[in-house]
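Beneath this line is the structure, given in C-alpha cells, with notes to follow.
Since every read-out is calculated from the coordinates, none of them should be taken as a lab result. Note that this is a predicted model, so its numbers are computed, not measured. As a convention, Cβ positions derive from the backbone with ideal geometry for all residues, glycine included, and neighbour counts pool all protein chains shown.
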Amino acid sequence: MDWLLRKISPSEALTRATSETLDHKTTMTQPVEQTEAPATVIEFAVQLQSQKDVDDVTKTLNDLGISVSEVDQKSQKVVVTTSLPSTRVHAAIANTGRQAVVRGCSAPEGANLGTAVCMILGEKGTSEDMGAVKSSATAQDASAASEPVGMVRGLVRFVQVSEDVCVVDGAASGLQTGTHGVRVNTYGDLTDGCSSTEPVYTDKVSGEAIGNLGDVEADTHGHTSFKFVARNLRVWDIIGRAVVIDSSSLKDTQEENKGSVACGLIARSAGVGENIKKVCACSGKTLWEEGADEYY
C-alpha cells in the first residue's frame, strides 16, 4: 500500500518518515558534496483549534531540534526553519493529531529568491494523465492535477537559497528497492511520457549537466525521501522543465539498465506568506480536503 497516497495514522507517518530520514541516511544523498543541506523556511497550514494544539505542536517540533519561528492559532499557521526534509516536519506535526499542509517554502532571513514544485507521476500513466499535470501545474495548484494509474508518485520542491545554490527537497513512493537517479531534464514535453523530456538539463556556458541532482535509495517498501544541494541550478531557469526519476543510478552507463520510471513538470510555487488560498480554484477542494490528497 502506498503510504504517500493513502490516509495513514499520525504515528505511522512519523515512524516511516523517521526511518527514512534518520535510519536510512542514504535517502538524503547529496550530489558531489557530502555536506549538510542549508536550512530552509517552511510554512504549514495546521489545524490549531486551541492553545493546547499550539503548545503540543510547538513542543513536538522543539523536541526534534526544529526551529519554530511562528505558531499562530488564529491564522492556523506554523513556520519553521530546518535542514530536515519537509516530510520529516510534516510527519512530526501529524503525530500530534493535527492535519498539516505545506503552504510555502523560502530561503532563510525572509528572502524569497525563487521556489518551485513538481508532482511526479509514474510512467504507467497515459500521456493524457501526464497532460493533466501540465494544465494544472500553476503557481499554487500543482498538487491538484488528476491522478494517473501510474504506481510511482511523489513531490519535489525547489528553494533557491542563494544566487548559485538551490535546495531540492523531495519524496516518492512505489519505486523498486535500490538506487534511482533524480534529474532535471531540458524539456517540459510529456507527449511521449518521460522520454520526450530528454536530454538532461545542461549549463549552456560550462556544458556541465547541472540537471543531474544525484542518487536516492528506495527502501524495501519503495519509499524514499531526500534533500539535495544543487550547485549552479537556478529556479528561474528550470520552470517549465521536468523532473525525472530513473530506474537505476545516474552513474549506470549500461544501456539496458537505463530508463525513467516517473516524471513531472516544474511549476512556480508560493514562498512563505504568499499562499493565502482557502479553496483551490482548480479542484474546488478546501485547503484541508486538498491536503488529505497530498503526496506526503
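Tabulated values for the structure
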quantity	calculated
Projected label distance in nm at E163 and S196, using a 7 Å step from Cα toward the beta-carbon	3.8
Extension reserve of the E274-N62 stretch, reckoned as 0.36 nm per residue once the Cα distance is removed	73.8 nm
DSSP-assigned coil residues among trypsin sites (Lys or Arg not before Pro) in region 155-233, each with at most 13 further Cβ atoms within 10 Å	K204
Backbone N within region 162-177 under 15 Å of label point (7 Å from W236 Cα along the Cβ vector)	162-166
